[in-house]
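Q: Pasting a structure here, questions to come.
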Amino acid sequence: VFTFSPRNENIILWVIPFIYVVGIFIRLQHAAWKDFTKKGLLYLFFGSLLVGFSEELLVRGVVVTALLDSGYTILLTGVISSVIFGALHIINYFNGQSFKITLLQVVATTLMGINFYVVFIITGTLWAPMLLHFIFDFSLLVQGGDLNKLSGKEKKVEPILALLLYVAALGALFLI
C-alpha cells in the first residue's frame, strides 16, 4: 500500500509538487502566526497531519490499490480515485458549509486529488502525497483562510498558483 509500481518517471510531472512547495513556502512565510496560540498551532499541526495522512491512506492507498487490483488502468484509477477524493468533501455541506462553496471545494479537491495521485506515481511512495497533503493543509490553516487578509503581492500569487495546479492536474491526465 505504501509503494506504487509501475512508477511514472516523466520528469515534467515534477512540476506539480514544485508548485505545491512554492505555494506552501509563500503561505508559511506570510502566515498569521500571531493570531494563533502555541496550543492552537499544535492542534492545527496534528489535525492537518491526521487529515493528510488518513485521506491519502484511504484514497491513494486503499482505493488506488483496489482499483488497480481490479484491472483498471493507471489513468482511470487516477481519475476515479480523485473523484472519490473530491466527493469525500461533500460532508462539509452537512456541516453547515454553503452548497456553492461545497461544490467548488469538491471540484477543486478532485483536481488536487489528481495532483496527489501524480505525486504518488512519480515518487513511488504513499509517504510523499501524505506529507505534501499535510503541509499543504497546515499552510492553508495558518494563513487564516482569508485571501483578503493577504498583502497585494501574496494576494495575486495565491490564485495564480491555484490555477497552475488545476491546469497541471488536467495536463497530467495526458502524461500519466
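Q: Looking at 131, 44, 126 in this structure, which one is open to solvent by less than 60 Å² (accessible area, probe 1.4 Å), within 24 Å of residue 12 (Cα to Cα) and touching a residue at least 12 places away in the same chain (Cβ under 8 Å)?
A: Selected residue: 126, the only one of 131, 44, 126 that is open to solvent by less than 60 Å² (accessible area, probe 1.4 Å), within 24 Å of residue 12 (Cα to Cα) and touching a residue at least 12 places away in the same chain (Cβ under 8 Å).
Q: Name the residues in the stretch 94-113 that are closer than 25 Å to residue 74 by Cα and open to solvent by 10 Å² or more (accessible area, probe 1.4 Å), would you?
A: Residues of the stretch 94-113 that are closer than 25 Å to residue 74 by Cα, as a first pass: 105-113.
Within the stretch 94-113, 105, 106, 107, 108, 109, 110, 111, 112 qualify.
Q: Scanning the stretch 63-77 for residues that are modelled with pLDDT under 95 and open to solvent by less than 60 Å² (accessible area, probe 1.4 Å), which turns out nearest to residue 121 (Cα to Cα)?
A: Applying the filter and picking the extreme gives 74.
Q: Among 90, 80, which is open to solvent by less than 80 Å² (accessible area, probe 1.4 Å), modelled with pLDDT of 95 or more and more than 22 Å from residue 127 (Cα to Cα)? Working first, answer last.
A: Details: 80 fails: more than 22 Å from residue 127 (Cα to Cα).
None of the other options fit; the residue is 90.
Q: So which of 114, 101, 122 is farther than 21 Å from residue 171 by Cβ and not charged (D, E, K, R)?
A: Being farther than 21 Å from residue 171 by Cβ and not charged (D, E, K, R) holds for just one of 114, 101, 122, which is 101.
The values are calculated or read from the model by the stated rules, or taken from the named source; none is laboratory data. This structure is a prediction, so every number in the text was calculated from the model and none was measured. Cβ: placed from backbone, ideal geometry, glycine included. Neighbour counts: every protein chain shown. Note: accessible area is taken over every heavy atom of the protein model, side chains too, but ligands, DNA and RNA are not part of it. Shrake-Rupley method; radii C 1.70, N 1.55, O 1.52, S 1.80 Å.
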